[in-house]
Amino acid sequence: MIEQRSPGMDEAEVQRIKTIVLEAAEREAEGIARLLASKANGELFGQTEFQLRELALKIAAGAIERVANERAKKGLTKAVALLAPAAACGGS
């Protein structure tokens, strides 16, 4: 397991992203289980490994996309919140 810790890391953000990753994994879990169940012991390596890696990449890509989208929305929300008081006063 890769453990990344840095000063000032927001543990709530870590847990929020963990939930996103687990949700992405849940969506692919049945496909992974079906793939493994369909293979004999002698077929678990080689092509099956590559198929599993592709499913794992889908999990990571889905998590990255969702985190990026949510961060972008937060940024937009923060920008709007900063501009709102100025707009309410009739100017900048």
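Just so you know, all these numbers are worked out from the coordinates, no wet-lab data involved. What you see is a predicted model; the values in this text were computed from it and never measured. Note that each Cβ is placed from the backbone with ideal geometry, even for glycine, and that neighbours are counted across all protein chains shown.
What are the aspartates and glutamates whose alpha-carbon lies under 15 Å from the alpha-carbon of residue 18, with same-chain residues fewer than 8 places away excluded?
Here the aspartates and glutamates satisfying the reach criterion relative to residue 18 are 3, 10, 26, 65, 70.
Cut-off is 10 Å between beta-carbons; in what order do 18, 58 appear when sorted fewest neighbours first?
Going from sparsest to densest Cβ surroundings: 18, 58.
So which aspartates and glutamates can residue 39 reach, going by Cα to Cα under 17 Å and dropping same-chain residues fewer than 8 places off?
30, 49, 54
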